[in-house]
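Down below is the structure, laid out as structure tokens.
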Amino acid sequence: MRSGGNIRWAITVVLAALLEATWMRGLSVQGVVPDLVLVLVVYFAIAEGEERAMFTGLLGGVFQDAAANTPLGQHVLCLVIVGFVLGRLSQRLVTDNPYIKAAAVFFASLVQGILFITIDYVQKVDIESVYTMSFSLLPRAFYTAVTTPIIFFIMAWIRPRPIRNTL
């Protein structure tokens, strides 16, 4: 990919992270906000493979860590793992169906949330915060999956041709 495409990719990821940290708070439902960076990780895992998805998780995760005031690397690690696994799985899945894409985002959000809660528990050993976060895990995964068609449509408009062919 040319450097212009890389710059456009980086701007897209940073913009999604900034929107999630600022503007999306206004669209929260019962304190749950969709994870735009995770949707981009899934998009790039499906469209371009695990390498681009992992870089998306790295760049977006740094911004999420800074916005959430968590230790640097907590979001990054979770998003990079999800990007790698989903990028490898997407080579074997038929990902043209929008329901498959939404299901991939839903399950990726669940996995990312479980990884995040596990890391948070190991760092703080606070049962009450784990209990509280676990109740927001399923609604956040659902809300994020609902935003999938919109984000994938916008990304298809911004990046009209996929880089790799899916089977």
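The values are calculated or read from the model by the stated rules, or taken from the named source; none is laboratory data. Worth saying up front: this structure is predicted, and the values here are computed from it rather than measured. Ideal geometry is used to build each Cβ from the backbone, glycine not excepted, and the neighbour counts take in all protein chains shown.
Annotations
- Number of positions in the stretch 20-46 that are modelled with pLDDT of 90 or more and in a helix (DSSP H, G or I): 11
- So Met54, is it at pLDDT below 85, surrounded by 13 or more Cβ atoms within 10 Å (Cβ to Cβ) and in a helix (DSSP H, G or I): no
- Condition check for Val13: closer than 15 Å to Thr148 by Cβ and surrounded by 20 or more Cβ atoms within 10 Å (Cβ to Cβ): no
- Contact annotation: residue pairs with Cβ atoms under 6 Å, 6 or more positions apart or on different chains, pairing a residue in the stretch 125-143 that is part of a helix (DSSP H, G or I) with a partner that is among the aromatic types (Phe, Trp, Tyr), are Val130/Tyr121; Ala141/Phe106.
- Residue selected from the stretch 66-97 under the condition closer than 21 Å to Glu48 by Cβ, of a type in the set (Gly, Ala, Ser) and at pLDDT below 95, by the criterion surrounded by the most Cβ atoms within 10 Å (Cβ to Cβ): Ser90
- For the stretch 71-101, a tally of residues being over 16 Å from the mean Cα position of the chain (by Cα), free of Cβ contacts under 8 Å to residues at least 40 places away in the same chain and not in a helix (DSSP H, G or I) returns 2.
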